[in-house]
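Some notes on the structure that comes next.
The values are calculated or read from the model by the stated rules, or taken from the named source; none is laboratory data. From a predicted model like this one, the values you see are computed outputs, not experimental measurements. Don't worry about glycine lacking a Cβ; one is built from the backbone with ideal geometry, like all the others, and counts go over all protein chains shown.
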């Protein structure tokens, strides 16, 4: 499971306040899984940890997310039905170094200096990403074998290099902060080395939120908390259709036209992946 959240402007008296849109994505395709991908969105007025706790109540498995403290109680050993397995996002960590190594930003005058250590960190992390791209979509057992043989040595070298360089840096240095972000969460960052199902990044959730980020420029704000909840419902339907390579407009138009006559005990037949399979079957039969 991939989890993430982003801001949603919400209309208030004479102004807008900031709500949150949460997303959780299941996508087993990176390790050759056969379960259909799906995404679910939730809306909340604030960003307290009680929201992900409620969203994921009853789920016990892997959660790939950023280092948001609101997720921490989900990883607690005494959680019921069990602690979630924390997997960190390497894209998120890489981004912190990349900002400090951005030659283009330096040329535009937006970055005072380019940090050589950040450049080296990006180079080392990119070598890990390159191997991961080659095994994307392969069975989890194959991914795990490649990781243990090829990726684990690179990860170990990265850790040793960061610890050695970090000891020479002031705690106020930006590169030191980027290193600390990883080193303090090293177990979560290396968990993918022991489980072929875990992705290197949380990009599945970040991609799902991209539509909201673009939408903020178009629809400006949600009219109310109820509007935010309705938006979350619509994003759930649309994003799940897209994850299954189904045209959301065609799917929703057909489902809405048929749903009144459809058996309430078999609503699962209208889910995007089953709808697409049924439609293909009808076309072949014709």
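Within the option set 108, 73, 80, being at pLDDT 95 or above and over 15 Å from the mean Cα position of the chain (by Cα) holds for one residue only, 73.
If you go through segment 181-194 and pick out every residue that is touching a helix residue (DSSP H, G or I) at 6+ places or on another chain (Cβ under 7 Å) and surrounded by fewer than 22 Cβ atoms within 10 Å (Cβ to Cβ), you end up with 5.
Conditions (1) assigned by TED's automatic domain parsing to the domain that holds residue 228; (2) under 18 Å from residue 197 (Cα atoms); (3) modelled with pLDDT under 95, marked per residue:
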| position | (1), (2), (3) |
| --- | --- |
| 2 | yes, yes, no |
| 9 | yes, no, yes |
| 25 | yes, yes, no |
| 29 | yes, yes, no |
| 42 | yes, no, no |
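Looking at segment 236-245, is at least one residue under 14 Å from residue 43 (Cα atoms) and modelled with pLDDT of 95 or more? Yes, the conditions are met somewhere in segment 236-245.
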